Amino acid sequence: MVNICCIGAGYVGGPSCAVIAYKCHDVKVTIVDLNQARIDAWNSDHLPIYEPGLEEIVFERRGKNLFFSTDVDQAIIDADLIFVSVNTPTKKSGMGAGMAADLAYIERATRRIAQVATSPKIVIEKSTVPCRTAQSMRTILEANSNKNIRFDILSNPEFLAEGTAIKDLTNPDRVLIGCLQTPEGFTAQQKLVDIYTRWIPQERVITMNLWSSELSKLAANALLAQRISSVNALSAICEATGADVDEVAYACGTDSRIGPKFLKASVGFGGSCFQKDILNLVYLSEQLHLPEVAAYWKAVVDMNEFQKQRFTHRIVRTLFNTVTSKRIAMLGFAFKKDTGDTRESAAITLCSYLIQEHAQVAIYDPKVSHKQIIMDLTEPGVGTNETDVEKHVSICNSTYEACAGADAIVICTEWDEFKMEHTDYQKIFESMNKPAFIFDGRLILDAPKLRDIGFRVETIGKSV
Ligand SMILES: NC(=O)C1=CN([C@@H]2O[C@H](COP(=O)(O)OP(=O)(O)OC[C@H]3O[C@@H](n4cnc5c(N)ncnc54)[C@H](O)[C@@H]3O)[C@@H](O)[C@H]2O)C=CC1
Ligand SMILES: O=C(O)[C@H]1O[C@H](OP(=O)(O)OP(=O)(O)OC[C@H]2O[C@@H](n3ccc(=O)[nH]c3=O)[C@H](O)[C@@H]2O)[C@H](O)[C@@H](O)[C@@H]1O
């Protein structure tokens with residue numbers, strides 16, 4: 001029986017390895033983490049992350065060929081293949097602070113593998129890492145294991161998006177597997193290919209060299225984020241000219257060379273990875289003495305910040321240049337729909353700007369806990385502290401509760417339940433202060449219908 005260990009039971013390690021267990025019943029998968037609470041949750045009825053379809057998979061395989069544990073060492077000892085799926089956040093201090101990836105978690109996990117392994121291992125980079133990290137891992141593994149154990153390193157970046165993780169994992173566009181171009185490297189690569197091709201067509205399992213594979217992950221995220229920043233930059237021109245960003249995106253997206261996906265204007269992209277990975281690419285470019293390349297990619301992040309700021313300014317300007325003491329209902333706090341994840345959510349920045357303008361912000365999100373919202377708004381660097389949050393934020397349990405008595409509604413996340421067919425906007429209108437404003441930061445509402453009800457509607461990428 002092939003034995004797989006996954007170090008890191010997070011958004012990537014959990015679902016990606018649970019799907020391997022689900023698709024390959026003869027493979028034993030043990031997902032380990034140092035975080036006891038997270039492992040307890042994986043072993044309970046309430047999984048630590050919300051992802052459509054995940055529960056079914058975990059509940060079906062858990063205790064059969066899928067295990068969650070904090071016994072990292074034993075799982076390493078038993079494994080043939082080890083996925084390293086730990087977090088790689090942006091460095092907060094020291095060299096490269098605010099840009100470079102913090103590789104401390106990768107290094108700790110790698111050292112642990114070197115220290116406890118007693119048999120050959122294939123170590124797989126699943127985390128998103130800077131180009132040539134596999135070289136550092138190899139050096140650590142070889143220098144710290146005096147038992148003459150063979151370690152092969154593969155790069156197998158993950159392309160799942162949150163909210164569609166199970167769909168992306170069971171039916172991916174492609175799987176990338178990079179290896180050293182040596183006979184041993186190819187043998188190790190083939191072992192992983194043999195696992196994925198159990199449910200993914202061979203032609204979608206792409207093999208290449210290690211460094212191409214590592215860089216392709218950063219490149220893919222940078223290109224996706226660049227499309228959003230491009231359409232958001234166009235949304236500003238639309239608002240100023242009377243063009244409609246949905247129409248422009250449609251017109252451009254029907255060109256088969258451009259394609260329709262990832263052209264939805266928004267309040268700005270969020271999520272744990274886009275910004276982090278682009279900054280990582282910016283840092284890499286700077287290290288390689290390519291300042292023009294660094295500046296090119298940095299502009300994608302700058303445009304995203306500008307979009308959030310621009311949207312807040314539009315809110316304040318429209319509400320007669322002051323939001324002091326006005327109740328603003330913020331609908332959605334997650335960085336996108338169908339996830340409870342709030343990492344780098346545009347809603348955090350918008351909320352912080354509105355608090356700095358002394359608004360009363362009433363937040364409702366169907367999947368984000370009250371505790372998480374408070375934690376996000378009091379994080380160092382966000383611009384708001386506990387006193388601000390206590391004075392200016394109320395967290396609500398429904399759209400109707402958040403909107404009652406509000407001067408304005410701001411759509412931050414495109415949850416289906418905020419769409420017109422699921423919410424009674426007539427009832428909401430009646431419960432609001434007049435004039436009642438709606439700022440649609442996700443282009444999910446039918447502005448003409450809302451205007452018929454009596455709302456004043458402002459939509460991103462559209463002028464009134
Ligand atoms: N979240 C996403 O949608 C995607 C994330 N990625 C990448 O995957 C990597 C992981 O991301 P997430 O799963 O979102 O992070 P996460 O923060 O949800 O999970 C990482 C887990 O690793 C654990 N961990 C850290 N060091 C450890 C160690 N030495 N031993 C055992 N456990 C340890 C942490 O306790 C944590 O539970 C990152 O590099 C990220 O860029 C890639 C594609 C998608
Ligand atoms: O490396 C990662 O972490 C992952 O990052 C993204 O996935 P994710 O961040 O989960 O979600 P996306 O669907 O890409 O959305 C990211 C952000 O962009 C926004 N977005 C997306 C698409 C669009 O057209 N417009 C837009 O504003 C979303 O609302 C969200 O805030 C990528 O899509 C995944 O392929 C990648 O694996």
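For a 4.7 Å threshold on C-beta separation, the list of partnerless cysteines in the chain reads Cys5, Cys24, Cys131, Cys179, Cys238, Cys252, Cys273, Cys351, Cys396, Cys403, Cys412. Using a probe radius of 1.4 angstrom, the carbon and sulfur fraction of the accessible surface of segment 2-200 is 49%. Sparsely packed loop sites in segment 213-274 (the trypsin sites (Lys or Arg not before Pro) outside DSSP H, G, I, E and B with at most 10 other Cβ atoms within 10 Å) comprise Arg257, Lys261. Using a probe of 1.4 Å on the protein chains alone, the accessible area found for Ser85 is around 10 Å².
The alpha carbons of segment 1-100 give a radius of gyration and a Dmax of 14.4, 45 Å, in that order. For the chain, the longest principal axis of the Cα atoms and the long axis of helix 13-23 meet at an angle of about 60 degrees. Accessible area per residue for segment 4-132, computed on protein heavy atoms with a 1.4 Å probe, is 40 Å².
Just the number, please: Stokes-Einstein D of segment 216-261 in µm²/s, Kirkwood Rh from C-alpha pairs, 4 °C, 1.567 mPa s.
Stokes-Einstein gives a translational diffusion coefficient of 114 µm²/s.
Under conditions of 10 °C and 1.306 mPa s, segment 301-459 yields 103 µm² s⁻¹ as its translational diffusion coefficient, taking Rh as the Kirkwood radius over Cα pairs in the Stokes-Einstein equation. Based on C-alpha pairs under 8 angstrom that are at least 6 apart in sequence, the chain has a relative contact order of 11 percent. Estimate the FRET efficiency between Thr241 and Gln190 by the formula 1/(1 + (r/R0)^6), using the beta-carbon distance for r and 60 Å for R0, to the nearest 0.05. It comes to 0.60.
Across segment 2-200, C-alpha contacts under 8 Å between residues 6 or more apart give a mean separation that, scaled by the residue count, equals a relative contact order of 21 percent.
For the Cα atoms of the chain, what angle does the longest principal axis make with the long axis of helix 104-116, in degrees from 0 to 90, nearest 10? Long axis of 104-116 versus the principal axis of the chain: about 20 degrees.
Computed over the alpha carbons of segment 338-419, Rg followed by Dmax gives 12.0, 34 Å. Using the Cβ-Cβ distance between Phe306 and Ser256 with R0 set to 30 Å, the FRET efficiency works out to roughly 0.50. Dividing the helix sum by the residues of the chain, where each DSSP H run of 4 or more adds -39500 (n - 2.57), gives a mean residue ellipticity at 222 nm of -13500 deg cm²/dmol.
Surface composition of segment 326-464: carbon and sulfur atoms hold 46% of the protein heavy-atom accessible area at a 1.4 Å probe. Averaged over its residues, segment 318-440 has an accessible area of 42 Å² per residue, based on protein heavy atoms and a 1.4 Å probe. Highest-first packing order for the peptide set 297-303, 139-145 is 297-303, 139-145, based on the mean count of other beta carbon atoms within 10 Å.
What value does segment 96-232 have for Rg/Rh, both radii from Cα atoms and Rh as Kirkwood defines it?
1.00
Computed over the Cα atoms of the chain, the ratio of the radius of gyration to the Kirkwood radius (Rg/Rh) comes to 1.00. Translational diffusion of segment 2-200, estimated by Stokes-Einstein from the Kirkwood radius over alpha carbon pairs at 25 °C in a medium of 0.890 mPa s, is 144 µm² per second.
Computed extension length for Asp446-Ser431: 3.5 nm, one decimal, from 0.36 nm per residue of separation with the Cα-Cα distance subtracted.
Gain on full extension, evaluated as 0.36 nm per residue between Ile149 and Gln356 minus their Cα-Cα distance, stands at 68.8 nm.
Relative protection proxy for 335-348, 188-201, from highest mean packing down: 335-348, 188-201 (other beta-carbon atoms within 10 angstrom).
The values are calculated or read from the model by the stated rules, or taken from the named source; none is laboratory data. The model shown is predicted, which means the values in this text are computed figures rather than measured ones. Heads up, the Cβs are rebuilt from the backbone with ideal geometry, glycines too, and the neighbour counts pull from every protein chain shown. Only protein heavy atoms, including side chains, enter the accessible area calculation; ligands, DNA and RNA are left aside. Shrake-Rupley method; radii C 1.70, N 1.55, O 1.52, S 1.80 Å.
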